[in-house]
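Visitor: Attaching a single structure in structure tokens format; questions to follow.
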Amino acid sequence: MNKGSGAEETWRVRPPIPNPESPAPSFPRAFVFPVYNGPMNDLDRAAARARQLADQRFPGEPGVRDLLAVAADADAARSDRGTALRLLGAVLGEALVGPRIVHLDVIGACNSNCIYCRDHSPYLHDREPWRAMEMPFDLAARLIDEAVELGAELIPVVGAGENLLHSRFADLVKLLKTKPVRFEVFTNGLDWDDETIALFADAPNALVAFSLSAATPATWAAFRPEAAPELFTRIEQTIRALIARRGAGLRVAIVHVLNKLNVREVLPMIRHAIALGVDEVEFKLTEINDAARSLKLDAPEVESIRRELREARRLAALAGVDIHDNIEFQLERLDPETGLYTVGLYDEIPCHAGFEMIRVRRDGRISFCCGLKFVGDARTTTLAEHWSGAEMQAARNAALAMPRGANRWLPDGGMLRDPQCDYCYNYLFNVQAWHRARQAGVAHLLLGKT
Ligand code: SF4
């Protein structure tokens, strides 16, 4: 589904947000702590460190005290402790545990050419050579091991291409199935056969997401000028067969990218998902890049999505299908002219990407988030070294201090806060972290108001 990768043409032609002075993040110097190089998946160690830092900085802050209690609770779920520790890390200015998510972008090639795709649309030309490359299997395998060592809870295998085209895709999935981590694979569904279905059917903790953007063969083919509408029926058969054969550990999702061509299919999409028996549906608005300008929604179309979505949610709830809760946020903040929906968001709330995620592109370069913001190289450093390194620490602090005007030049020559932040793919965990901080009573500390 091409979630957050490769967009040089779209982003680089636009000027960066002017910030000539590139102010350093405004953490007082006394609170920049030495870098920790030990294991990042030891929650007891992290909780003890959090207490030590909290005693120095915020003794008696009730919100911090409550978070410390969750972080130290050996009976609490590991993910709840990790969540508390990531929020404490943001408040205290130090990553106390590793990232929750490690994205692997393993392949740039695709066997489709969806017209809204910023990487493979037939309306785009002059692709850079790295786009078609795949991540070497050995590198991917090492990164999976390192992600697990860092305590990651989720590895999405998602990038600019079709994952099944990776020359060792089956080996990657077999490896992921042996690891104590949840993984997600995104696919256009075109190249599936019985062997692929069997490969995923017994996955102990995984999700497969089919990118369709249509409820009918005609709409599906309208997005894919070189594909026959009948292929849609074959993908439906694949989804049905996968659901019929899967064990308890596998969830199946459909992703629909909404735009002018499929705007009237929100309800049919949900009925279709229910009929197929999938577990989850994710709606998202099409990114209005150079290729997709003609697909821009107008105001009545946005209103139509809102209306259909209300009924879609009702039907989905009755059928036990989970609709991701991102779409209402996108609709609420959407600027119909530009298609952007996070403009100004980070004047209001901090960016927590530096505590939540790592993304590794197929060429080994490590990005700060789903945008193209390169801060390291997995060919020369381990993920643990990268996570604890000075560059990452500085970027992490600058991202947190965005509402205070902070920004930072990155080693790749770009800036951390740039126009990609107006179309941020990671708004969900950032908004969730903000709500959590408010609930916990520590939001004022994140904004530097002690
Ligand atoms: S706000 Fe900017 S730096 Fe942070 S996750 Fe979004 S795009 Fe990346």
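Values in this text are rule-based calculations from the coordinates and carry no lab data. As the structure is a prediction and not an experimental result, all values here were calculated from the model. Cβ: placed from backbone, ideal geometry, glycine included. Neighbour counts: every protein chain shown.
Visitor: Can you tell which of Pro99, Ala74, Cys369 lies farthest toward the positive end of the dipole of the chain, using +1 and -1 charges on the Cβ of basic and acidic side chains (Lys, Arg; Asp, Glu)?
Guide: Positive-most Cα among the choices belongs to Ala74.
Visitor: When only C-alpha pairs under 8 Å and at least 6 residues apart count, what is the relative contact order of segment 349-450, in percent? Can you show the working numbers first?
Guide: On the way: 129 pairs, mean separation 30.2, N = 102.
Value for segment 349-450: 30 percent.
Visitor: If we sort 185-191, 396-402 on the protection proxy, mean other Cβ atoms within 10 Å, highest first, what's the order?
Guide: Details: 185-191: 21.6, 396-402: 25.0.
The densest-packed peptide leads the list: 396-402, 185-191.
Visitor: List every residue whose amide H lies under 5 Å from the amide H of Ile323, counting only residues 5 or more places away in sequence or on a different chain, with H placed 1.01 Å from N in the peptide plane.
Guide: Amide H to amide H, under 5 Å and 5 or more residues apart or across chains, Ile323 pairs with Val281.
Visitor: Net charge within 13 Å of Ile197 by Cβ-Cβ distance, Lys/Arg positive one each and Asp/Glu negative one each, not counting Ile197 itself?
Guide: On the way: positive: Arg234, Arg240, Arg245, Arg246; negative: Asp191, Asp193, Asp194, Glu195, Asp202.
Once positives and negatives cancel, what remains is -1.
Visitor: Here is a follow-up. What ranking do 268-276, 237-245 get when scored by the average of other Cβ atoms within 10 Å per residue, highest first? Walk me through the intermediate numbers first.
Guide: Numbers: 268-276: 19.4, 237-245: 17.1.
In descending order of packing, they fall as 268-276, 237-245.
Visitor: Using a 4.7 Å cut-off between beta carbons, which cysteines in the chain end up with no partner cysteine at all?
Guide: Those would be Cys110, Cys351, Cys369, Cys370, Cys421, Cys424, since no other cysteine Cβ in the chain comes under 4.7 Å of theirs.
Visitor: Taking K and R as +1 and D and E as -1, what net charge do the other residues with C-beta under 12 Å from the C-beta of His166 add up to? Don't skip to the end; give the middle numbers.
Guide: Details: positive: Arg168, Arg362; negative: Asp105, Glu134, Glu162, Asp171, Asp191.
Its environment carries a net charge of -3.
Visitor: Now, a different point. I need Phe283, Phe368 ordered by Cβ neighbour count within 10 Å, fewest first.
Guide: Working: Phe283 24, Phe368 27.
Ranking Phe283, Phe368 by Cβ neighbours within 10 Å, fewest first, gives Phe283, Phe368.
Visitor: Still on this structure, I have one more. For the chain, calculate the relative contact order in percent as a whole number, restricting contacts to Cα pairs under 8 Å that are 6 or more residues apart.
Guide: Working: 830 pairs, mean separation 91.1, N = 450.
Result for the chain is 20 percent.
Visitor: Restrict the search to segment 335-386; then list the GluC sites (Glu not before Pro) that DSSP places in a loop and that have at most 13 other Cβ atoms within 10 Å of their Cβ. Walk me through the numbers before you get to the answer.
Guide: Working: sites: Glu337, Glu348, Glu356, Glu385; in loops: Glu337.
Qualifying residues, ordered by number: Glu337.
Visitor: Which order do Trp192, Trp409, Trp434 fall in if you start with the one that has the fewest other Cβ atoms within 10 Å? Write out the running numbers ahead of the final one.
Guide: On the way: Trp192 22, Trp409 15, Trp434 18.
With the sparsest Cβ surroundings first, the list reads Trp409, Trp434, Trp192.
Visitor: Quick one: give the max-minus-min coordinate of the C-alpha atoms of the chain along each principal axis, largest first, in Å.
Guide: For the chain, the Cα extents along the three principal axes come out at 65, 46, 46 Å.
Visitor: How would you order 95-107, 213-225 from highest to lowest mean count of nearby Cβ atoms within 10 Å? Can you show the working numbers first?
Guide: Numbers: 95-107: 25.3, 213-225: 18.8.
Going by the mean number of other Cβ atoms within 10 Å, highest first, we get 95-107, 213-225.
Visitor: Also, quick follow-up: Semi-axes of the equivalent ellipsoid of segment 362-450: what are they in whole Å, largest first, if each equals the square root of 5 times a C-alpha gyration tensor eigenvalue?
Guide: Values: eigenvalues 124, 42, 35 Å².
Each semi-axis is √(5λ); the values are 25, 14, 13 Å.
Visitor: How big is the gap, in Å, between the Cα center of segment 207-234 and the Cα center of segment 238-266?
Guide: Answer, in whole Å: 11.
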